[in-house]
Every structure is written in structure tokens, then in C-alpha cells.
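Working notes for the structure below.
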Amino acid sequence: MIRRLRTRIIVFVVALLAVVQVVAYVVVSSANSTNAREKIDSELAVGERVFARLLDQNRERLAQAARVMAADYALRGAIASGDQDTVVSALTNHGGRIKADMTLLVSLDHRVVADTIASNERGRLFEFPQLVDQAAREGGASSIEVVNGRAYQLVVVPVLAPTPMAWIAVGFVIDDNVVSELQQLTSLQVSFLERRDADHQWGVLASTLGPSAVDLAHQLPALPGATLVHSIGVGENEQQLRVITFDRHGDRALVAVLQRSVATAVAAFDRLQQTLAALGIVSMLLSIGGAVAIAMNITRPITQLTKAAARIHDGDYSNPVSVTRADEIGALAKTLNHMREGIAERQQEILRLAYRDQLTDLPNRALFHDRLEHAILNAHRTGATLSVLMMDLDRFKYVNDSLGHGVGDHVLREVANRLSALLRQVDTIARLGGDEFAILLENVDERYVTKVALKILQALEHPIRYEDQPLDVGGSIGIAHFPEHGENSSKLLRNADIAMYVAKRNKGGYAVYDASYDTHQQEHLSLLSEIRQAVEGHQLRVYYQPKVGLLSGVVEGVEALLRWEHPRRGFVSPGDFIPFAEHTGYIKVLTRWVLEQAIRQCGQWRSNGMPLQVSVNISARDLLNRELPDLIVQLLDRYGTPASLLCLEITESGFMEDPAHSQRVLERLHELGVVLSIDDYGTGYSSLSYVARLPVDELKIDRSFVKQMSDSTTATIVRSTIELGHSLGLKVVAEGVEDEADLRTLRVYGCDQAQGYFMSRPLPAKELEEWLKHSPWSRPARVREVSLEETSSKVTVLKLRGA
Ligand SMILES: Nc1nc2c(ncn2[C@@H]2O[C@H](COP(=O)(O)O[C@H]3[C@@H](O)[C@H](n4cnc5c(=O)[nH]c(N)nc54)O[C@@H]3COP(=O)(O)O)[C@@H](O)[C@H]2O)c(=O)[nH]1
């Protein structure tokens, strides 16, 4: 099977031409051979006619001469007188005159009376009486006969006086001279042969063939017909014969053979054939050359196109196809070029879609991962350094959800621009998804990485403007260095992520990964699995921390705080498991449990004549729970607790998860009469004007502010927060009050309630009841005026009794 097109074209053209030429050659050869044979046949037929004509002429001439001789008066007288010598003399004279080779006088009884060649055989019977009989009937007879091993043309005529008195036979020998003459006239080989009775073989009487006449005698068939067309010999010796039979008696025969060599006749045609063969060879060579040229002409550009297609297949789209022709192949090359350009463009687009973030046009997670893998491989090989920074935007969800995705997209693009402007071309900045960005820094030391983190945080401190509105979004960055924080990409990313989480939790801006974070996280993970058993295993407790009225001077409410008494670990801080419960959604179970305990306890205290408002912490996830209001209604009903005795503390970030939905849930709870408080106020970024739109009753200033009130700026913030809260009609509570000075200051600032270790740590319900029995905060406040000097801020405050 020929696989290459070029070879196939060449083989096809050459084979086609070879077949055509061979067929032509065979046809021409066959036609030549037929023509030659037909020509020989016709030559032989013509020769036969000429031969017959010559014999006829000879016979006529002899007959004429014999008649003249028979009419000779002297001869007739000599015959009549029986004068033997005169007869012989007359026969010899007349025979010599007409150049007869044999002259005989035959008596009426068929005896030879006189014989010019065998005078001593007189009186014998004439060998050819049938000729005498024929001459008697027809007035003359003629025949070719063999006499003494030689062929003669015999003519017999009567000697009339006036009736026949004798017969004159005149013979003309047919020898090599005669056949040569015949050959000259006919251009044929002429032979006379006799088949003898004695040995049943052909014997040559006369021939133009010379010694090779013997071969003819050997090959001639035994008994030819009247005229036979026959071939003898093979190959170049092939001879076409025409056998003319003169006499045949039994196995004895006398024939004349006219023959022509087939090879000679074919020779002229052979020359034509040789010319044809030479032309065939030349045209074959030209065709091979032509076929090779055509095949190359067709296959060379195809080979080029194949190579171009292979390059495209291998992803090399840079080299255009270089075939420039005006034919179909040229058109194919153009199409291939268009295809190459189309594929290249689409590939670019696919790569862009696969490796680029559509919104910011930064590399996406896949490309970042890829580059990180390469950088790690390079670092393994060369010992280069690399670091991964993971950054998550603070408050992005709020921007996105409350102001719309258009604004969110604008923020992400602006952050991407700021990062790109800060970093080097060689650094990889990627958006991994949502508000999560990652940065890969190569060949830099750890101090430089820290500087970069700080520069990024500074860059984000400037508000992002959207339609002239400033938007505050900060960032939390986690850093992991190769190889100390991970030798592969997933480890590095994971550890940078953990560090980012720590940074977010600590509100510290950035954090470099530390192994202790991991232990901490492992710890949290196992806590997470264990907390599921905590509810059923009765390991959870609710502690209550008093909220003291600064004007009344008595405990007005308590905050329910969850405690986990782990059977093995001992006390586990809610700060360690609440965030994870929030992440996994298990917080719903915990909140439900705390709500039930708190509402039941509140109802019980109320029944016991101690109506205390109980505050319960509600996480962001809880606010997304549509069933929360119904659950609360059920629990309040079940434990006979008025809604006004239940306060729900929600952190600012709580309603920023889904502001619209949170707003609806809060409105529903507010309608029920449940008191709503904004917890940890000041740690988030919500403005008071935003808070004013929420159906809340209370504002709880975060303890981080209360703790630092010795700082005049912080004190001013606390004071103005209290004033602004009041102006919005909100009750203001300060948490984290750890000493009397703080308490005094808060009272001076007009804060409504205070909560903190100074009054009491969170206590189990029973202990709280016990504490209340003895606590100064269980009796109405004795209000007295205090001078400004008594307060750190030197303003007039209300001094509590017993404080
Ligand atoms: N969603 C829920 N969150 C809850 C629940 N129970 C607690 N929490 C949250 O866990 C965080 C840690 O709480 P905890 O360790 O109980 O700390 C509380 C107080 O003990 C602490 N506090 C009170 N006074 C002082 C003080 O004077 N100094 C000081 N260093 N700490 C003090 O403050 C925490 C109460 O804070 P807050 O809730 O913001 O009023 C904490 O965030 C809890 O909210 C729960 O059931 N569900």
C-alpha cells in the first residue's frame, strides 16, 4: 500500500502510461504481424499467378515449337520411312533451335522411337502415356514431370499425316537457373520438390534456397493439397509457403514451393515498432519526469500545509502559512491562515477566560496557582525566596449587598488598580474570587514583604470614591514565606489563609503565619466536632452578667453569655468556639439553646418578683434565619416572658451580611416588642446615621473604647457616641467597665447603663441571684453630686451609692 500521495501520483501516471504503451505496442505488433502475413500471403498469391503465367508461356512456346517440329516435312517423311537417324537428327536440330532439353518421338503404341538425351533407350514405353492420351483428345498436352531425377516441363503434340502418325514430346528442364529466373520475377524463393515412392521423402529438384532447401524438404507436409498455404520454421526463420502441386499419385507428388521469409516481411514493420518502442521509452522517461514534477508541485505545498497544520496543532500560531498560489491549494493555504488567526484569537480568549479574572483582568486562581507552582519549582532549584500574601477586604460584603453589585465591582476594580500600581511588574497579583486577592512576591526578603503588606493596607486606607461617595474598605493580609511556612503551593496558600484569618480576627491589618495558628486551628476544628455533642451532653451553661443602670444605680438587666464546660478540656471560652460555630452554621443550634435558657430564666425571675431584662447575643447567621422571629414568639409564649424583657444584641457586622434581609428580621422583632441592641459599637464602620435607620433601641459601646478612656481622644469619641446615641433616642450602654473611674466617667457622660467586671463577672443564674442579695447594685442608687476633680475627665458626675 503506497501511502505517500507523491509516490501514488507518480506510480499512477507511470503505470497508466506503461499500460497504454504496452497495449499500443501489443496492438501495433499484432497488426504488424497480421499485416506482414497478409502481405506475404498476397505476395505468394501474386507469385503463384506469375509462376503459373510463366509456365503457361513456356508451355505455349514449347507447344508452338513442337507443332512446328511435327509439321516438318522431312521429319514426317523420316518417321514414315522409319529412317531412325534422320528422325533423331531432325529432333536434335529442332530441339536445339528451341533450346529444349529433351526431345522424344513416341510411336502410336507409346514406345519411345527416338530420344535426344537417351538414345540407347529406344523402344522403351513412354513414361507419361496419359500425356499422349490427353494430346490425342485435345490436340496437345503439357505437364511438369520428373525424368531421371530432374523436373521437366513436357509438351506432347501429335505428328499428323493428316491423322496422328506419332507423338513428339519436348521437355524443358526446370533447374536452378529456371527457379532463379522465377525468383527474379516474383521476389519469392522458389523450389521444386518431388516426394518419392521409394523412401517417402521429399527430394529437391531445383531451388533458389541453395543447401537450406534440404530443411524445407524436411519440414514440408507429406501430402499437400492442390495449393497449400503453410508456415515452417520458428522465430526469425519462420517462412510462409505456398505449395503448388503438379502431380500426385499415391504417396508420390511433385510440387513447386513459393516461399517468403516472415522475418524479412516483418522487418519494415519491426523498424516502425522499434521507433515506436523508442518513442515509448522517451515518452515514459518524460512522463516520469513530468509526473515527478506534477507530484512535487501538488505535494510540496500540501507538505507545507501539513507542517503548518502540525504547528497549529502544537499550539504555534505565530508562523503564517507561506504558500502563495492562485489555485485551490493557495485558497486552502489562505483558509488555513484564517483558521490559524481565528484559533489564535480564540485561544487567547480562552486563555483569558481560563486564567484571567473577568472583572479586574488580574490573573485568577488557576493562573496564580500555576505561577506559584513554577516559582516553587524555581525556588527549589535555585534557592530563591518567595512569599504569598492573601488579602480579604473588610466590609466588602456590606458595600456589595447594601449599595449594589455595580458599586461592589467598582470597589474590586479600584482595589486591583491600587495593588497593580503598588507592586512590581514581576509580581503576580490575582483575584481568587469574591473579595479575596493573592500576591506572589519572588526574590524578596521578609522585611520587604512586610513593607509591601503595610503599603497595601495604607493604600486601602484612602476611601474609594463612587459617584463622589467615599467608601471605606480595609483589608486583612496573611503572609506565608517559602519554604518555612510550606514547601508546596497548597500548604503556602493554606497557611497564608490562616494568617489572614488571624489578621482579620485580631483586626491587626496583617499577620505572618505562625505554627501556633495551626495548632489553634486544629484545636478549633476538633472543638467544632465536639461542640455538636455539647448540647446533648449538657456541657453548656448560660452565665449572666449584670447591666447596671447608671441613673437608677441598680441592676436593670443581665447579658446571657454562653459557657462550655468541656469534660476533658475544662472551660472553653466562647471566643474560641463561637466564630467557628458561626462559620459552620451550628450557631443556629447554639442560639436556639441559649435563647430558650435565657427566656426560661427570665420568665422564672419575673415570676419570682425579679423582673430582669435578659440580653442574648445574636450572630449574623441568626439574622439570616427567617424562622428566628417565630422561634422567639414561641419561646416567649412558652415561658410567659414579655417581649420587652428580651433584648437581642447584634453586632454591626451582623446586619452587614445581608442588610436588606436583616432589616426585615429586625423590624419584625421590633414589632413583637423585643428590645434590639447594637453590640460592640465602634469596632465596625457603620455611621450613626445608618444605625438610625435600623429599628434598634440600644447602643453598646465596645469595651476597647471604654478601656482607653484615659486617652482624651477615645474619651471624646465615647462621649460624643453617647450624645449622638441619645440624640437618636437610643439607650447607651458601655461594656467592659473594669474600674470605678470608668464608671464615673461614663456616668458623667450620661451613659445609661454599664456592664463590666467592676460590677460583676458573668455568673451562673443561681450565683447571680445570690450576688444580687448582697450586691450594692441591687438597691436603688443613692445619687450624690461629685465634683469634676473626682473624675478623670474633671466633669460633674453622679456618684453612685456604695461605689
Ligand atoms: N452569638 C453568641 N455569642 C456569644 C454568646 N456568648 C458569648 N458570646 C460572645 O463570645 C464572645 C466572648 O464572650 P465572653 O468570653 O463571654 O466575654 C464576654 C464578657 O465576659 C466580657 N466582659 C464583660 N465585662 C468585661 C470586662 O470588664 N472586661 C473584659 N475584659 N471583658 C468583659 O465581654 C464579653 C461580652 O461581650 P459582648 O457580647 O460584646 O457584650 C463575645 O463576643 C460574646 O458576645 C452567645 O450565647 N451567642
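The values are calculated or read from the model by the stated rules, or taken from the named source; none is laboratory data. A quick note: this is a predicted structure, and the numbers were derived from the prediction, not measured. No Cβ is skipped: glycine too gets one built from the backbone with ideal geometry, and neighbour counts run over all protein chains shown. The accessibility values were calculated without ligands, DNA or RNA, using every heavy atom of the protein model including side chains. Shrake-Rupley method; radii C 1.70, N 1.55, O 1.52, S 1.80 Å.
Give, rounded to the nearest 20 debye, the magnitude of the charge dipole that the chain has about its Cα centre when Lys and Arg contribute +1 at Cβ and Asp and Glu contribute -1 at Cβ. Before the final figure, lay out the partial values.
Values: 85 positive and 98 negative charges, 74 e Å.
With Lys and Arg at +1 and Asp and Glu at -1, about 360 debye.
Among 720, 273, 433, whose Cα lies farthest out toward the positive end of the dipole of the chain, if unit charges sit on the beta carbon of Lys, Arg (+1) and Asp, Glu (-1)?
Positive-end residue among those listed: 720.
Find how much the distance from residue 373 to residue 533 grows on full extension, using 0.36 nm per residue of separation minus their present alpha carbon separation; answer in nm with one decimal.
Roughly 53.5 nm would be gained on extension.
For the full complex of protein chains and a 1.4 angstrom probe, list 773, 547 by accessible area with the highest value first.
Per-residue accessible area, sorted high to low, gives 773, 547.
Would you work out which of 496, 332, 126 lies farthest towards the positive end of the dipole of the chain, given +1 charges on the beta-carbon of Lys and Arg and -1 on that of Asp and Glu, about the Cα centre?
496
Quick one: ranking 678, 294 by accessible area, 1.4 Å probe, largest first, what do you get?
Working: 678 0, 294 95 Å².
Reading off the accessible areas and sorting them downward yields 294, 678.
FRET efficiency for residue 161 and residue 118, Cβ-Cβ distance as r, R0 = 22 Å, nearest 0.05?
Calculated transfer efficiency: 0.25.
Beyond 21 Å between alpha-carbons counts as too far, so tell me which of 451/707; 455/504; 451/507; 507/700 fall in that bin.
Listed pairs above 21 Å: 451/707.
Pop a pseudo-label 7 angstrom from the Cα along the beta-carbon direction at both residue 74 and residue 187 and give the gap in nm to one decimal.
4.8
Can you give the accessible area of residue 759, probe radius 1.4 Å, in Å² rounded to 10?
It works out to around 10 Å².
According to the square roots a ≥ b ≥ c of the eigenvalues of the Cα gyration tensor, what is the shape class of the range 540-774, taking rounded for a/c under 1.5, prolate for a/b larger than b/c otherwise, and oblate for the remainder? Could the numbers behind the result be given before it?
Values: a/c = 1.37, a/b = 1.14, b/c = 1.20.
Rounded, since a/c falls under 1.5.
Could you please state, rounded to a whole Å, how far the C-alpha centre of the range 354-392 is from the C-alpha centre of the range 661-720?
41
Send over a whole-number figure in Å² for the accessible area per residue of the range 356-519, probe 1.4 Å.
Values: 7720 Å² over 164 residues.
So the range 356-519 comes to 47 Å² accessible per residue, rounded to a whole number.
Could you order peptides 484-491, 182-189 by the average number of other Cβ atoms within 10 Å of their residues, highest first?
182-189, 484-491
Would you pull out the residues with amide H under 5 Å of residue 475's amide H, same chain only if 5 or more places away, H placed 1.01 Å from N?
For residue 475, whose amide H was placed from the backbone, the distant partners under 5 Å are 394.
Answer with one residue from 7, 560, 30: the one whose Cα lies farthest towards the positive end of the charge dipole of the chain, charges on Cβ with Lys, Arg +1 and Asp, Glu -1.
560
Go through the range 383-390 residue by residue and turn each phi into a ³J(HN,Hα) via Karplus (6.51, -1.76, 1.60, θ = phi - 60°); whole Hz please, and just put x for glycine and proline.
Residue by residue, the range 383-390 yields x, 5, 9, 7, 9, 10, 10, 10 Hz.
Could you go through the range 243-254 in sequence order and give the Karplus-derived ³J(HN,Hα) for each residue, using 6.51 cos²θ - 1.76 cosθ + 1.60 with θ = phi - 60°, rounded to whole Hz, and x for Gly and Pro?
Couplings: 9, 10, 8, 9, 8, 8, 9, x, 8, 8, 8, 10 Hz.
With charges only on Cβ, +1 for K and R and -1 for D and E, what is the dipole size of the range 356-519 about its Cα centre, in debye, rounded to 20?
160
With θ set to phi - 60°, apply the Karplus curve 6.51 cos²θ - 1.76 cosθ + 1.60 along the range 153-165 and write out the HN-Hα couplings as whole Hz, x wherever there is a Gly or Pro.
After applying 6.51 cos²θ - 1.76 cosθ + 1.60, I find 9, 9, 10, 10, 10, x, 9, 9, 8, x, 8, x, 10 Hz.
Mind running the shape call on the range 422-530? Use the C-alpha gyration tensor, a ≥ b ≥ c as the square roots of the eigenvalues: rounded below 1.5 for a/c, prolate if a/b tops b/c, oblate otherwise. Write out the running numbers ahead of the final one.
On the way: a/c = 2.14, a/b = 1.33, b/c = 1.61.
Because a/c hits 1.5 or more and a/b fails to exceed b/c, the range 422-530 counts as oblate.
Taking the alpha-carbon centroid of each part, what is the distance from the range 83-99 to the range 253-268 in angstrom?
Between the Cα centres of the range 83-99 and the range 253-268 lies a distance of 40 Å.
How large, in percent, is the carbon and sulfur part of the accessible surface of the chain at a probe radius of 1.4 Å?
53
Amide H neighbours of residue 676 under 5 Å, counting only residues 5+ apart in sequence or on other chains, H built in-plane at 1.01 Å?
648, 697, 698
So what does residue 119 come to for accessible area, using a 1.4 Å probe and Å² rounded to 10?
Roughly 70 Å² of residue 119 is accessible to a 1.4 Å probe.
Under a Cβ-only charge scheme (Lys and Arg +1, Asp and Glu -1), can you give me the dipole magnitude of the range 527-622 about the Cα centre, in debye to the nearest 20?
Around 120 debye, computed over the range 527-622.
I need to check one value: relative contact order of the chain, counting alpha carbon pairs closer than 8 Å and at least 6 residues apart, in percent.
Taking the mean separation of contacting Cα pairs over the length of the chain, I get 7 percent.
Please list, ordered by chain and number, the residues whose modelled amide H lies under 5 Å from the amide H of residue 203; skip anything fewer than 5 residues away on the same chain.
HN-HN under 5 Å from residue 203: 194, 195, 196.
What is the local net charge at residue 675, summed over the other residues whose Cβ is closer than 10 Å to its Cβ (Lys, Arg +1; Asp, Glu -1)?
Overall, the nearby charge balance is -2.
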